[in-house]
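A short write-up of the structure that comes next.
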Amino acid sequence: MDDLLREFLTETGEHLDTVDVELVRFEQDPNNQTILANIFRLVHTIKGTCGFLGLPRLESLAHAAETLMGKFRDGMPVTTEAVTLILATLDRIKEILGELERLGTEPDGEDRDLIDRLEHMATEDAPVAQPAAAPHTAGTLSYQVLERELRPGEVSLDELERAFRETPGPGAPPAKPAPKVPALAPQPVTSETKPPEGAEAGESEAAVNKVQSIRVNVDTLEHLMTMVSELVLTRNQLLEISRRVDDQAYKVPLQRLSHVTAELQEGVMKTRMQPIGNAWQKLPRVVRDLSAELSKRIDLVMQGADTELDRQVLDVIKDPLTHMVRNSADHGIEAPLERKVAGKPERGTIRLNAYHEGGTITIEIADDGRGLNYAAIRKKAVERSVATEQEVERMSDAQIAKFIFHPGFSTAKAVTSVSGRGVGMDVVKTNIELIGGTVEIRSEQGRGTTFTIKIPLTLAIVAALIVSSKDQRFAIPQVAVLELVRVTPGSEHTIERINGTPVLRLRERLLPIVPLSKILGLGGEETADEGFVVVTQVGRQRFGILVDGVFHTEEIVVKPMSSKLRHIQLFSGNTILGDGAVVLIVDPNGLARMVGSGAGEGQQGDEAIESEDLIENDLTTLLVFRGGSESLKAVPLSLVTRLEEIDASTIEWLGGRPLVQYRGRLMPLVSADEALEIRREGIQALVVFSDGDLAMGLAVDEIVDIVDDTLAIELVADRSDLIGSAVIKGRATEIVNVAHYLPLVHEAWMRSTADTASVARSVLLVDGSAFFRDMLTPVLKASGYKVHAAASAAEALQLLAAGLHVDIVITDLDLPDRSGFDFVEVMRALPEAGDLPVIALAVKHDPRQIAQARKLHVTELVAKFDRRGLLSALAELNTPLEVAA
Amino acid sequence: MKQDNTNSRIVVGAGEMKTFADYREYPTVTVAGQMLALPIERVHDVFVASEITAVPLASREIAGLLNLRGRVVTAVSLRRRLGLPDLEKVERRMAVGLEHRGEAFGLLVDEVGEVLKLDPDALQPNPVHMDPEWAALSQGVHQLDGKLLIILDVDAVLAFGAEVRAA
């Protein structure tokens, strides 16, 4: 392919992209003559160049499109159909260009279909332009390769000339004058290839900008980058040598070299940076086409388009972004009517926002649509055998949302041309993770969905923490590192083990520990508990990497892994350090996957621990212990505050009840089983529960393990100390009802906490105490209810007002922000929730409360810790509801 | 053949055999006493492999990564590739720089010998009872005075691990 053609392809491609964007703007602002003139000029340039290069297909298409646009300029109303038609023509042109690039010649084919429609549209409304065109036949013919009649709506050269003069300066002018033309029309056509002269040129900022930029082959830049990286390394080596050799004569020039190198590096890095707007360029067009196709009305708002990031990164995220915007338009935004019914403006909005945050760039894609349809996703998950029905029922919405990243997952009812093919979101996630990024979903029913993507600014140079494990150095990207904790046995921070699995207590939480040497198979003794814990966060998963030593942070040049090593998911690349040594870059994503899948020795950081507002838990992390009998017992780890081993001689007995001094207070102890006696000597293992200032220690025989499993509880009727039993990691395990032990210990607890449960198929549980919400939720779920929870009356009202559909409300009478009765009163006034049955939880019955409850149509007043009472009240309510449904 | 600048310099002698226009050059190496040769078009350079960074979890054949003039090179042990035990003590690990599918590899050998000029027509097929592990890596055998020379198939030597599945 000759250079001229190649240049034509690059340039025309860019022009077409601009035309796409401009046309969409123009459609919204049809009176803007500047935009129109700009489009007109670009299309004309394409047409002119095609004619010159002997590309008849392209030329006729561009011509027909140009003709129609000429009509717009003459005052023909700008209709959606017309714009769609022109856009379709541009697509065809792009198709032909693609072929041209591949084959080197214009492909055979006919475009009569489009041309006819374009011509038809041009003639039908505006015969006005025709007479103007006719006298100038000779001039226009000069553009054609073939001799033929003037096409309808042909534009005269004079007119063209006027258009160009009026138009603010051309972008990159094609360096190809059309030599055939001047013979017929002396001055006009040259003007299309040169910037306007004099005052006109001065007007155009774009023209000035273009003068200062040149097109450079990407390979040249890449090569330059490599060379600079090597220069940096050599400089570092020289500096190393000069530290040893005391020769002043070297020092000064070396320092100078050092500075220049640093500046050079920065400069070259800059050449790789591009505004993210480049990746967004196609989006207005995409959204516009989708709106038309789906009969929706969608605004696209883009913020932070000038945020810069590395070209390589940009390339990788371009397609994922487009896909996500398509998804938002297709699945997220509702049809205008539906929006109107929901009380929202008919026009939906998709908002793109990009900004820098530390060494990363954050991109948000938010829509104000209907939000994720969790029910549909659940159903689909079961259909696709991604999870069982029991599993999905018990999963939190956040967990359910993650299913959309599962391969082959799409909840669109029908496969449209837009989406629903079930390819995409999994690829999106893979692509983003490939470059060390993360993607998160936040969705609110009826309010919309927000995707948050965080990606490193550049792939080429990252800040990394250099650590050592078994005398080998590794680099850990700084982005993932939260903090460093020095651990030594006997100090404040000590690695402890649960059934051999190392954990670290860090600010009241248990952090799973992954010894780097072990996961990398570097060997060495297992019990090494000394070193540093690199606290790492990937998405919402938090874990600690145990290393032997930590050196420093270094800006490293990331080099890709050899193809022979790319399958090792623990490394994302390698680099050469200042001293010339090659070190491997640990991939926190890969580590997190290993931690999560249990392939590593660590345990998954429990999401419920991280976010207490998460109510429905489904892969529950459970603490398994032995107490009293042979059978295993378990409690959800989210309820556990700490695990302690105390010297039994420190247990004090007051009136026959055991207490222990704990953190400056007295903490009551309860035995996990009647058969288990609290020890009088030796070591006693405790599971500590706490809520606010109150704490309770559950005495157990031994802590067995921490496991992640789905909690499928079978209720047992006869024992109040157990919620039920479940099979955990293949073993029958009793799930302890923490609520049973609490009354044994604390009167106070009953007053300070409240619980709310949701009933029927779905329940709203309003309770000020996270502890009780966590405790009641599994109980309710085990009885078949879907639970939503709120921590306060305000939150509950907000949920209800937002259209949360529940069948029953369970509220504590003692809420943090107002009394439960107040809450019920306000709720009764809500149109959406006025008729809901309410179950109130009270610490004790008193006649006044009962009277007030009756006045507010509270269905049932249940004692706070009466689990069975609550369930039977719910069951009673449920029966008539099911009939109604 | 380029000589390496940063690592120590190895002089590869010119072949002593008579040169004919259609003879081809083969740099030779030795592994566990066996002389092997590689086609010269595939050999980039010869260097001393110092400071090899081991890669945990990598396949056995990979000795690690090393820095060759600012480029990260994957070091592959020819001994392990041939199913031989590692050399006990090595003072200077010699490596032959190869290019394979756009990536740089260093083939670790015991010793690097001279470059021989050989008549390609004199290449004999592998003996039928040759160890299959070896035969897979060999293009054939040359008979020299008192010695046999195996001509290595560079692509086969570097086809292992994940790539084998892809291919």
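The values are calculated or read from the model by the stated rules, or taken from the named source; none is laboratory data. Predicted model only: the values in this text are computed from it and were never measured. Note that each Cβ is placed from the backbone with ideal geometry, even for glycine, and that neighbours are counted across all protein chains shown. Just so you know, the surface numbers come from the protein's heavy atoms only, side chains and all, with ligands and any DNA or RNA stripped out. Shrake-Rupley method; radii C 1.70, N 1.55, O 1.52, S 1.80 Å.
A simple spin-label model places the labels of A:E832 and A:E652 5.2 nm from each other, with each point 7 Å out along Cα-to-Cβ.
Residue pairs exceeding 18 angstrom between C-alpha atoms, taken from A:K47/A:K94; B:K117/B:K147; A:K282/A:K344; A:K318/A:K559; A:K296/A:K380: A:K282/A:K344; A:K318/A:K559; A:K296/A:K380.
Just list whichever of A:K454/A:K729; A:K402/A:K633; A:K402/A:K786 have alpha carbons separated by over 24 Å in the model shown. Too far apart for the 24 Å limit: A:K454/A:K729; A:K402/A:K633.
Distance between the 7 Å Cα→Cβ label points at B:D155 and A:R507: 5.7 nm. You can think of it this way: the chain between A:E630 and A:R566 has 18.3 nm of extra reach, that is 0.36 nm per residue less the Cα-Cα gap. Here the calculated FRET efficiency for A:L254 and A:E95, from their Cβ-Cβ distance with R0 = 51 Å, stands at 0.35, rounded to the nearest 0.05.
Using a probe of 1.4 Å, the accessible surface attributed to A:K559 totals some 30 Å² when neighbouring protein chains are kept in position.
Which of A:Q390, A:Q303, A:G277 sits farthest toward the positive end of the charge dipole of the stretch A:277-456, with +1 on the Cβ of Lys and Arg and -1 on the Cβ of Asp and Glu? Farthest along the dipole direction, towards plus: A:Q390. Considering only beta bridges that DSSP places wholly inside the stretch A:219-378, some 65 percent are antiparallel. With the whole protein complex present, B:R71 retains an accessible surface near 100 Å², based on a 1.4 Å probe. Given a Förster radius of 22 Å and the C-beta distance between A:A463 and A:V301 as r, what FRET efficiency does 1/(1 + (r/R0)^6) yield to the nearest 0.05? The computed FRET efficiency comes out at 0.10. For A:V218, the accessible area of its heavy atoms, probed at 1.4 Å with every protein chain present, is near 60 square angstrom. The stretch between A:A342 and A:D708 holds 127.8 nm of extra length on full extension. This uses 0.36 nm per residue minus the Cα-Cα distance.
Among the GluC sites (Glu not before Pro) in the stretch B:22-66, those located in a DSSP loop and surrounded by at most 15 other Cβ atoms within 10 Å of their own Cβ are B:E51.
For the stretch A:465-605, the residue among A:F551, A:G531, A:L520 whose Cα projects farthest onto the positive side of the dipole built from Cβ charges is A:L520. Cβ-Cβ distance of B:K147 and B:D86, R₀ of 30 Å, FRET efficiency by 1/(1 + (r/R0)^6): the value works out to about 0.80. Each label point was placed 7 Å from the Cα along the Cα-to-Cβ direction; for A:H223 and A:F551 their separation is 3.2 nm. Accessible area buried by the pairing of B and A, both sides summed with a 1.4 Å probe, works out to roughly 1800 Å². The residues A:H857, A:H44, sorted by heavy-atom accessible surface at 1.4 Å with ligands and nucleic acids left out, run A:H857, A:H44 from largest to smallest.
Which residues of the stretch B:39-67 show a drop of at least 50 Å² in accessible area when all protein chains are present, compared with their chain alone (probe radius 1.4 Å, heavy atoms only, ligands and nucleic acids excluded)? Relative to the lone chain, where solvent access is computed with a 1.4 Å probe, the stretch B:39-67 loses at least 50 Å² at B:T53, B:P56, B:L57, B:L65, B:N67.
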